[in-house]
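Novice: The structure under discussion is supplied below as structure tokens; questions concerning it will follow.
The values are calculated or read from the model by the stated rules, or taken from the named source; none is laboratory data. Source: prediction; values computed, not measured. Because the Cβ atoms are built from the backbone with ideal geometry, glycine has one as well, and the counts that use them run over all protein chains shown. Note: accessible area is taken over every heavy atom of the protein model, side chains too, but ligands, DNA and RNA are not part of it. Shrake-Rupley method; radii C 1.70, N 1.55, O 1.52, S 1.80 Å.
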Amino acid sequence: MRARYKADIGCLVVILLPTGTGAYFWFTQEPRPIVVAAPGAGGERFIVNGLPANYFEGTGPGPHPAILLIGGSEGGLTETRNSFARQLAAEGFSVLYPGYFATSESNRSFDMVPLETFSAELDWLENNSDIQPAPVGAIGHSKGADCILAGDRRLGFSAGDSEAAQL
């Protein structure tokens, strides 16, 4: 009986020690960094629904087809996505890249992102005279792809890079 008791305590330690260590590191981690990269050449900064967004107008005569580019759980507005948006703009697409979280202290955590955020961005694109009155496309990465899947019916096409997008 005594050996079984020691084995039970050993199993309990093996389970609780990693769990406790993981919880410690989870609750003491640094807050998510706030990243709001400037749009750079060919882009403009707009505030849409109280959040910053980088807009890249398509090259050539307009109006242009539009793409809503939504980043992932890294948050903010990153130079990597700005570069991708510039490439799409060079192909004739007007691209709106919104920062839906981690752009200020008030939206630093990724607890809940209201889907109305993306509806407001689609409204902004539809009211832009540079945009073709055709369905708007969307490209999302990671959590951005999840947001597209739960998104607005006004989207004409969507491309996602996420586990949920593969279902």
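Novice: Work out how much length Ala7 to Arg153 would gain on full extension: take 0.36 nm times their residue separation and subtract the Cα-Cα distance, in nm to one decimal.
Specialist: Here the segment from Ala7 to Arg153 would lengthen by 46.9 nm.
Novice: Rounded, prolate or oblate: pick one for segment 50-107, where a ≥ b ≥ c are the square roots of the eigenvalues of its C-alpha gyration tensor, a/c under 1.5 means rounded, and failing that, prolate if a/b is larger than b/c, else oblate.
Specialist: Here segment 50-107 falls in the prolate category.
Novice: Could you state the accessible area per residue of segment 72-125 in Å², with a 1.4 Å probe and every protein chain left in place?
Specialist: Accessible surface, normalised per residue, equals 44 Å².
Novice: Count the net charge of all other residues whose Cβ sits under 15 Å from the Cβ of Pro65, scoring Lys and Arg as +1 and Asp and Glu as -1.
Specialist: -3
Novice: If amide H atoms are built 1.01 Å from N in the plane of the peptide, which residues on other chains or at least 5 residues away come under 5 Å of the amide H of Gly92?
Specialist: Amide H neighbours of Gly92, under 5 Å, 5+ apart: Thr59.
Novice: What residues have an amide H closer than 5 Å to that of Ala159, excluding those fewer than 5 places away on the same chain, when H is modeled at 1.01 Å from N in the peptide plane?
Specialist: The list, which skips near neighbours in sequence, is Ala138, Ile139, Gly140.
Novice: I want to make sure I understand the PRE zone here: with the label point 7 angstrom from the Cα of Ala120 toward its beta carbon, which residues in segment 36-53 have backbone N atoms less than 11 Å away?
Specialist: 47-53
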